[in-house]
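Enquirer: Please see the structure below; I have some questions.
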Amino acid sequence: MTSLEEAHRNVPFECRGCWHVWEEHYTVRTIEDDHGNAGVIWLRGGLPVTPPAAGTVCPHCGCQQVTTFPDGYLARHPELITPSEPVVPDATPLLSPVPKPLY
Ligand SMILES: [Zn+2]
């Protein structure tokens, strides 16, 4: 038996460079096999990504000094989100200055 669980998480981020606050939606897939070996895969838009806070880049200024909040933090602090145009996720590719990891 292999168990597979999926959870959806909105992870809030804050940039230490420009104090931009935003959220990223992730699917967290937890897989456990017969032997109790558990693996966690973070997905965004159906593609595996690095877990949040590891290599996250501010979409506003490109700064890599980014912190995360606990889940649901922004729901309790809506004033942190600056009202702006509606977010259209993945409408344009993010241009990341971080080199992709070589496999
Ligand atoms: Zn920034």
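Enquirer: For GLU24, list long-range residues whose amide hydrogen, built 1.01 Å from N in the peptide plane, is under 5 Å from its own amide hydrogen.
Expert: Under 5 Å from the amide H of GLU24: VAL11, PHE13.
Enquirer: Please compute one quarter of the surface area of the Cα convex hull for region 24-65 and express it in square nanometres.
Expert: 3.6 nm²
Enquirer: Residue by residue, what Karplus-based ³J(HN,Hα) values in Hz, rounded to whole numbers, does region 19-25 have, using 6.51, -1.76 and 1.60 with θ = phi - 60° and x for Gly and Pro?
Expert: Running phi through 6.51 cos²θ - 1.76 cosθ + 1.60 with θ = phi - 60° gives 6, 5, 10, 8, 10, 10, 8 Hz.
Any read-out appearing in this document is the output of simple, stated calculations on the displayed coordinates, not a laboratory observation. Bear in mind the structure is a predicted one, so any value in this text is a computation, not a measurement.
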